[in-house]
Structure formats: structure tokens, C-alpha cells
Amino acid sequence: MPSLPITRIETVGERTVAIEVETPADFEAYPGQFVLVRATVDGEEETGYYTISSPDVAGSFEMTVAVDPDGTLGPWLVERTLGEEITVEGPFGDIQYTGDSDAFVFARGPGIGPAVGIAERARQFGHDVTIVHGGPNPPHGKRLAMLEDRGATVIRSEDLGSTVESLALESAITYVFGFQEFVDETKEALTAVGVDLAAVEIESFGPA
Ligand SMILES: Cc1cc2nc3c(=O)[nH]c(=O)nc-3n(C[C@H](O)[C@H](O)[C@H](O)COP(=O)(O)OP(=O)(O)OC[C@H]3O[C@@H](n4cnc5c(N)ncnc54)[C@H](O)[C@@H]3O)c2cc1C
């Protein structure tokens, strides 16, 4: 269970914070994979999974954390300070974007974290990438604007059904990241246009 020093804490949207930690030795991971954060909060052991939101893990890597006042681990994490160490295990998960294909990434809430990590990596490797955010005001606005400058497409969708109809989804790998409600909405929209869900990389952040 390595303790990793925090190298950056940054508010990246409403109730959303990016936390970057130093990469431990022998840690290899790609955006789409996730880590387990373990902490003792008010005497209780708490754990939560956080998906990697940087394009790589060279030297450091980032997680994008939803901070809800009713949550436990998110509010604890946002109170940490630079240089403080947190316990991180992993990486876990079969979904990993290594940079070898074009990609569509559907995301909402903290799911926008892996979406920007994947998109940045895609552009680094010269691949087309489209991020579909399920709603109007995604976190990571600055990185999304930079991605658009670098040729990525970012769609802020109020209607996933009509958005999927406008995309040539058969031309790339499709990824979905977010809490279960968003995953269900996206699956329904994809199924309606004939996408085989077995070919879609889906990570649910869980029910409430
Ligand atoms: C594979 C995996 C990857 C994950 N990656 C991330 C990640 O990158 N970033 C991240 O923030 N969380 C992620 N999660 C979810 C996170 O691990 C849990 O929400 C964790 O318990 C957070 O602890 P908490 O005490 O702060 O908040 P919790 O008490 O668990 O929840 C507080 C807040 O989280 C959000 N939330 C929880 N459930 C839902 C829901 N069903 N719909 C909408 N919002 C919800 C809301 O803001 C909610 O109020 C992931 C979960 C899994 C299983």
C-alpha cells in the first residue's frame, strides 16, 4: 500500500477537484484504469475508487474527484495539502486507452476525468477523438478548450439520443465513464442506433 505525496490539488469544476500524486516505482497504468484510495476519516477506514485522468503516469498521475458535502472520502481528499501523502493501491481495471485508436468517450460528472486523459493521449498519438459530455457544464473546462484547439471534438449534449445519431460510431472505439444513471442513459442511446454494447468499453462509477 504505497503512500504517495500529493503534487497538485486544483478545483476543476463545481464540486470537482483534480488531485495529482507522485507515481510510485514499477507503476504502469493508462487512462481508463482506476486506483483505490484508502484513508482513515473520523476514525473509520474509508475506501473509494478513482479513475486516472492524466494521459500518462510518467512522474505523476491525476485523479478527478467529485466532492459532495454528503460524501466522506471526497470532502476528506479536498482538505489535503501539497506534499501530504495518501494511500493509493492499484492500478485496477481492464479498460485502458494506450493510444492506438480513434475514440469516442461519453462521460458525465467525474467521468469527464478519464475522458480528458484519453483524449489528450489520443491527440498525442495523432488519433481523432470526440468527447460527449452528458450535460452543459463539464468540469475540466480549461483542458477541454485546449483539446478543442488541438483538434479534438467536444460535444456538450442535452440529448444523448440525437447526439449518437450524428456520430459515425463504427469508426472508433467507444468508452463510457460515469455513475450508473448516466451509464444506463448512454447504453440506451447507443442501443437505439444499433451499437453492439459488447464492443463498448463501459466503467460504471456505481450507484449512489
Ligand atoms: C471503477 C470505479 C471508478 C470510479 N472513479 C471515480 C472517479 O474517477 N472520480 C470520482 O469522483 N468517483 C469515482 N468513483 C466513485 C467513487 O469511488 C465513490 O463515489 C466513492 O465512494 C466516493 O466516496 P465519497 O465518500 O466521497 O462519496 P459518496 O458518499 O460515495 O458519494 C458522494 C457523491 O458522489 C457522487 N455520486 C455518488 N453516487 C452517485 C450516483 N449514483 N450518481 C451521481 N452521483 C453520484 C455524488 O456527487 C454524490 O453525492 C468510481 C467508482 C468505481 C466503482
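The values are calculated or read from the model by the stated rules, or taken from the named source; none is laboratory data. Here the structure is a predicted model, which is why all the values come from computation and not from measurement. Neighbour counts run over all protein chains shown; Cβ positions are idealised from the backbone, glycine included. Protein only, heavy atoms only, side chains kept; ligands, DNA and RNA dropped before computing areas. Shrake-Rupley method; radii C 1.70, N 1.55, O 1.52, S 1.80 Å.
Things to note:
- The residues of the range 189-208 that are within 16 Å of the ligand (Cβ to nearest atom) and among the acidic types (Asp, Glu), listed by number, are Glu201, Glu203.
- Odd one out for Met1 among (1) at pLDDT 95 or above; (2) outside any strand (DSSP E or B): (1)
- Among the residues of the range 48-65, the ones that are in contact with a Lys or Arg (Cβ under 8 Å, 6 or more places away or on another chain) and either under 19 Å from Gly13 (Cβ atoms) or near the ligand (Cβ under 6 Å from one of its atoms) (or both) come to 2 in all.
- Figure legend. Inter-residue proximity from the range 66-77: first residues more than 6 Å from the ligand (Cβ to nearest atom), second residues assigned to a loop (DSSP other than H, G, I, E, B), beta-carbon distance below 6 Å, spacing 6+ or different chains. Indicated pairs: Val67/Arg15; Pro75/Val67.
- Across the range 25-51, the qualifying residues are those that are in a loop (DSSP other than H, G, I, E, B) and touching a residue at least 60 places away in the same chain (Cβ under 8 Å), and the one among them that is farthest from Ala122 (Cα to Cα) is Phe27.
- The residues listed here are Glu45, Glu10, Glu84, Glu28; of these, the one that is within 19 Å of Gly141 (Cα to Cα), outside the structural domain of Leu169 (by TED's automatic domain parsing) and more than 10 Å from the ligand (Cβ to nearest atom) is Glu10.
- Checked against (1) in contact with a helix residue (DSSP H, G or I) (Cβ under 6 Å, 6 or more places away or on another chain); (2) open to solvent by less than 20 Å² (accessible area, probe 1.4 Å), Glu46 passes all but condition (2).
- The range 94-120 - residue that is under 13 Å from the mean Cα position of the chain (by Cα) and open to solvent by 30 Å² or more (accessible area, probe 1.4 Å) and, of those, farthest from the ligand (Cβ to nearest atom): Gln96
- Residues of the range 97-141 that are assigned to a loop (DSSP other than H, G, I, E, B) and in contact with a Leu (Cβ under 7 Å, 6 or more places away or on another chain): Pro138 alone.
- Checking Leu190 against (1) surrounded by fewer than 18 Cβ atoms within 10 Å (Cβ to Cβ); (2) more than 17 Å from the chain's Cα centre (by Cα); (3) outside any loop (DSSP other than H, G, I, E, B), the condition it does not meet: (1)
- Test result for Asp56, open to solvent by 50 Å² or more (accessible area, probe 1.4 Å), in the same structural domain as Tyr30 (by TED's automatic domain parsing), without any contact (Cβ under 8 Å) to a residue 60 or more places away in the chain and assigned to a loop (DSSP other than H, G, I, E, B): no
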